[in-house]
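Written out below as structure tokens is the structure these notes cover.
All of the numbers you see were taken from the coordinates with simple rules; none came from a lab. Just so it is clear, the model here is predicted, and its values are computed rather than measured. A quick note on method: Cβ atoms are made from the backbone with ideal geometry, for glycine too, and the neighbour counts reach across all protein chains shown.
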Protein chains: 2
Amino acid sequence: MKIGIAGLGTVGGGVAKALGAHGELLGLRASTPLEVVAVCDRDADKRAQFDAPQKFDDIKALAASNADLIVELIGGENGAAPMLVEAALNAGKHVVTANKAMMARHGARLAALAEQKGRALRFEAAVAGGIPIVKSLRESLMVYGISAVRGILNGTCNYILTQMEATGRSFEDVLKDAQALGYAEADPELDVGGGDTAHKLALLTSLAFGVKPDLDSVAVQGIRNITPEDISFAREFGYRIKLLGIAKKTQAGIDQRVQPAMVKAGTALADVEGVLNGVVVNANEAGPFFFEGRGAGECPTANAVIADIVDIARGNTGSVFGLPADNLLALSAAPTGSASSAYYLRFQVLDVPGVLAEIAGHLAKWRVSIESMIQRGRAPGEAVSIVMITHETKASDVAGALDTISQSANVIAPPCMIPMESK
Amino acid sequence: MKIGIAGLGTVGGGVAKALGAHGELLGLRASTPLEVVAVCDRDADKRAQFDAPQKFDDIKALAASNADLIVELIGGENGAAPMLVEAALNAGKHVVTANKAMMARHGARLAALAEQKGRALRFEAAVAGGIPIVKSLRESLMVYGISAVRGILNGTCNYILTQMEATGRSFEDVLKDAQALGYAEADPELDVGGGDTAHKLALLTSLAFGVKPDLDSVAVQGIRNITPEDISFAREFGYRIKLLGIAKKTQAGIDQRVQPAMVKAGTALADVEGVLNGVVVNANEAGPFFFEGRGAGECPTANAVIADIVDIARGNTGSVFGLPADNLLALSAAPTGSASSAYYLRFQVLDVPGVLAEIAGHLAKWRVSIESMIQRGRAPGEAVSIVMITHETKASDVAGALDTISQSANVIAPPCMIPMESK
């Protein structure tokens with residue numbers, strides 16, 4: 001199996017290194033030798049670091065090379081990455097990619113092309129690093145159908161939330177540390193804004209429910225607004241705050257959300273610490289399954305890329321998303337706000353008579369009923385936090401109530417609303 | 001793909017039912033219709049419950065039928081099960097089995113036969129029910145090699161230990177309840193004696209380390225001697241007692257053990273509750289991975305069987321244990337007692353002067369040093385429990401010390417020794 005690698009960053013280097021170090025055993029597993037015949041990068045210095053018979057600065061040349069399989073590690077939703085993947089498939093080559101943005105946006109089209117050409121298109125490394133969640137959804141957990149997938153899919157966010165909890169420090173402070181440690185990018189928006197999780201979730205949704213990846217129907221909320229106070233209240237109620245990607249089958253359609261959620265302490269997802277990733281799959285009669293491992297980094301990601309290469313070499317070249325691309329349905333999205341859950345609500349209010357009655361009144365008008373409440377910080381004249389856990393309620397009702405409440409002169413900051421995910 | 005099912009018990013029924021209920025989607029996933037063309041059982045009443053074109057009471061007839069793939073659910077290390085598997089492979093049929101005893105004992109030979117015949121032999125259902133641990137070890141986690149696998153692989157034992165902890169009741173009492181609830185067999189020995197875990201461990205060891213399954217080199221200890229007192233001491237030290245199957249690469253060879261172990265509270269394995277199974281895989285540079293799910297029962301097991309069928313139908317028919325059978329090495333077992341660990345030790349002693357000095361003296365002679373100690377129950381004249389946690393020590397040294405100590409007239413019961421697995 002002749003391999004060409006495009007994009008010679010950390011992961012590309014890791015793939016080449018691991019194929020070198022473990023090539024003999026991997027070749028036995030693959031039933032054929034695995035050989036890197038070409039590398040491709042625009043950066044001459046990077047190319048110089050690689051020992052390969054052919055070095056290209058142009059993806060077209062790589063796509064026209066003698067490689068049987070192209071590893072796409074360029075990244076990016078549009079541009080060079082999908083151009084290379086299309087060119088490679090059209091040239092009759094298999095493709096392995098770690099590119100979640102491209103697969104979330106163009107996955108259905110690329111899958112159809114791959115299947116039309118009778119070639120494999122694999123993307124284990126695009127979701128949750130080394131955890132074999134793509135393969136498990138595609139090949140193992142699908143027999144009885146799947147009702148829900150919930151995952152901690154972004155190590156940066158989980159690291160920040162874990163550190164905020166451990167130290168009591170603010171989001172901004174912890175983010176700066178994470179950047180200094182290399183756990184967060186200089187521009188952290190794709191991570192902390194939830195976009196990266198949304199890419200991964202769209203792929204899991206496709207695999208779990210047999211639909212085309214549909215990034216646009218993912219409701220996305222990041223972790224910027226989570227305060228140390230929220231985390232401390234969560235602990236009081238017996239919960240931890242995690243940024244989850246959630247995909248659920250509901251009667252109204254498929255509900256896909258990325259949002260901070262209260263996860264019950266002591267459950268598997270709540271115990272996913274630091275930069276780790278974790279995924280819960282509700283597989284109907286087969287029961288729930290939980291997977292945990294390193295979600296990023298050179299070796300976990302290279303492991304996923306190489307596992308895909310070995311699989312393809314061994315002839316495991318079935319449908320890209322488990323079902324033939326022609327049979328993937330268009331995703332029928334649940335309307336925004338149709339999700340039902342208990343919610344954590346936090347209001348920052350002036351400590352004046354009647355403010356609680358005012359809030360409670362608006363909630364009641366929207367049929368939001370309260371299970372428990374904590375009020376804290378009552379020093380005369382100071383701002384007060386009122387925190388409530390609701391009974392199960394429609395998201396749109398809670399949002400409606402909060403909209404009205406936030407207009408009150410006594411409410412001095414936008415209310416915070418976090419679903420209780422494992423109640 | 002024409003399927004023949006042998007052994008029409010709970011799982012066989014589940015497989016037929018699920019293929020009926022979900023056949024259309026599964027056929028799309030398999031790229032070919034999946035059709036049960038034959039069933040086989042010695043029991044005419046069971047055969048009568050199935051709707052299949054051909055019904056056999058004889059495995060030879062099934063092996064000679066027009067089925068392309070035989071599902072072996074007869075069970076048993078020897079006898080009909082391996083006879084059927086051999087006959088089916090020799091007749092050019094693929095085989096899917098849930099038979100851990102057969103695969104642990106005859107796996108290497110059957111794998112060689114399957115590969116010689118160019119047919120698949122799959123056994124996902126033999127280990128940890130619905131958890132795709134066989135596939136993950138074979139196809140996903142192997143790139144950087146594996147240094148250790150630790151698993152809770154027997155739901156009956158985990159249920160009993162969880163219940164003993166929750167209720168403070170004795171092993172015998174909880175076992176009776178488990179039998180009444182159907183969580184334990186009338187003859188529970190295979191479960192509580194550790195034999196079932198040993199079968200599964202031998203298979204995981206083979207997949208993880210590229211060796212032939214070697215059941216005879218698994219050191220096996222069950223949970224009969226665990227007392228509520230041990231469980232309560234464990235909690236005091238911040239641990240929980242779990243029956244683990246452990247396979248580790250050591251300098252002295254591969255160390256395979258089934259034994260009750262102290263697992264640090266709050267870690268993933270410690271939190272595996274009730275009848276669930278959980279497996280930790282240490283995959284070197286790719287990091288540790290954790291898998292949790294239902295390890296037994298109709299639907300989780302049928303899920304694993306059908307996932308194997310779909311995989312084979314799709315053409316994923318590589319080596320049975322990941323490496324070609326000819327390349328599987330004979331397992332080089334670490335000598336008994338060569339394992340190194342911290343240990344929990346419990347001594348039941350008479351409350352007489354000098355007994356602690358006596359025990360401490362023997363431990364010192366065997367170079368066993370103590371990290372912490374609890375002594376409890378000191379009512380004059382009563383038996384006393386002395387509990388210690390050692391520093392890391394060779395198992396054979398601890399065993400040597402315990403052997404001497406147990407001969408003392410002041411020691412009134414065999415000492416208990418449990419390794420601290422996640423210290």
For the residues A:H199, B:H391, what sequence is obtained by ranking on other C-beta atoms within 10 Å, fewest first?
B:H391, A:H199
Shortest-first distances to equivalent copies, position A:I374, nm, label 7 Å out along Cβ:
3.0
Would you tally the net charge around A:A219, using a Cβ to Cβ cut-off of less than 13 Å, leaving A:A219 out, and scoring K and R as +1, D and E as -1?
-1
Among A:R122, A:R109, A:R294, residue whose mean-square fluctuation peaks in a GNM of chain A (springs only between Cα atoms under 10 Å):
A:R109
Give, as a single signed number, the net charge of other residues whose beta carbon lies under 12 Å from the beta carbon of B:T301, with Lys and Arg counted +1 and Asp and Glu -1.
-2
Charge dipole (debye, nearest 20) of the stretch A:340-420; +1 at Cβ of Lys and Arg, -1 at Cβ of Asp and Glu:
40
Taking the label point as lying 7 angstrom from Cα along the Cα-to-Cβ axis, what are the distances from B:G238 to the corresponding position in the remaining copies, in ascending order and in nanometres?
2.4
Could you check the simple spin-label distance between B:E382 and B:Q116, using points 7 Å along Cα→Cβ, in nm with one decimal?
6.6
Hey, how much of the P(r) for the stretch B:340-420 falls beyond 17 Å, as a percent of Cα pairs?
38
I want to verify the translational diffusion coefficient of chain A in µm²/s; compute it with Stokes-Einstein, Rh as the Kirkwood radius over Cα pairs, at 37 °C and 0.692 mPa s.
144
Using only DSSP helix segments of four residues or longer, with each worth -39500 (n - 2.57), what per-residue ellipticity at 222 nm results for chain B after dividing by its residue count and rounding to 500?
-11000 deg cm²/dmol
Taking only the alpha-carbon atoms of the stretch B:2-126, the convex hull volume per residue, in cubic angstrom, is 95
Percent of Cα pairs exceeding the 41 Å cut-off, where the set is the protein assembly as shown
40
Tilt of helix B:10-21 relative to the longest C-alpha principal axis of chain B, in degrees (0 to 90, nearest 10)?
50
Each residue of A:10-20 has, on average, a number of other protein chain C-beta atoms within 10 Å of its C-beta equal to 1
Distance in whole Å from the B-onto-A rotation axis to the closest C-beta of chain B, together with the residue it belongs to, please.
B:N316, 2
Distances from A:P33 to the same residue in each other copy, label points 7 Å out along Cα→Cβ, in nm, shortest first?
4.5
Where does the charge balance sit around B:M142 when Lys and Arg score +1, Asp and Glu -1, over other residues with C-beta under 14 Å from its C-beta?
0
Counting only DSSP beta bridges with both residues in chain B, what percent are antiparallel, rounded to the nearest 5?
70
Per 5 Å bin, what is the whole-percent P(r) computed from every C-alpha pair distance within the stretch B:108-148?
5, 20, 20, 20, 25, 9, 1
Using a Förster distance of 30 angstrom, determine the FRET efficiency expected from the C-beta separation of A:A64 and A:D177, and round it to 0.05.
0.05
Tilt of helix A:195-209 relative to the longest C-alpha principal axis of chain A, in degrees (0 to 90, nearest 10)?
80
Build a GNM of chain B with springs between Cα atoms under 10 Å: which of B:R105, B:R47, B:R119 gets the top mean-square fluctuation?
B:R47
Inter-site label distance for A:S31 and B:E77 at 7 Å from Cα along Cβ, in nm:
3.2
Number of partner chain Cβ atoms within 10 Å, mean per residue of A:133-146:
6
So how do A:411-421, B:209-219, A:149-159 stack up, highest first, on mean other-Cβ count within 10 Å?
A:149-159, B:209-219, A:411-421
Dipole-positive endmost among A:A87, A:G193, A:S217 within the stretch A:73-228 (Cβ charges, Cα centre):
A:A87
Assigned charges on the beta-carbon of Lys, Arg, Asp, Glu; the protein assembly as shown dipole about Cα centre (debye):
800
Using 0.36 nm times the number of residues separating B:Q375 and B:S340, minus their current alpha carbon distance, what extension gain do you get?
10.1 nm
Using the alpha-carbon atoms, what tilt in degrees (0 to 90, nearest 10) does helix A:395-405 show relative to the longest principal axis of chain A?
50
Dipole in debye (nearest 20) - the stretch A:154-207, about Cα centre, beta carbon charges: Lys, Arg +1; Asp, Glu -1:
180
To check you understand DSSP bridge types, tell me what percent of the beta bridges within the protein assembly as shown (both residues inside) are antiparallel, rounded to 5.
70
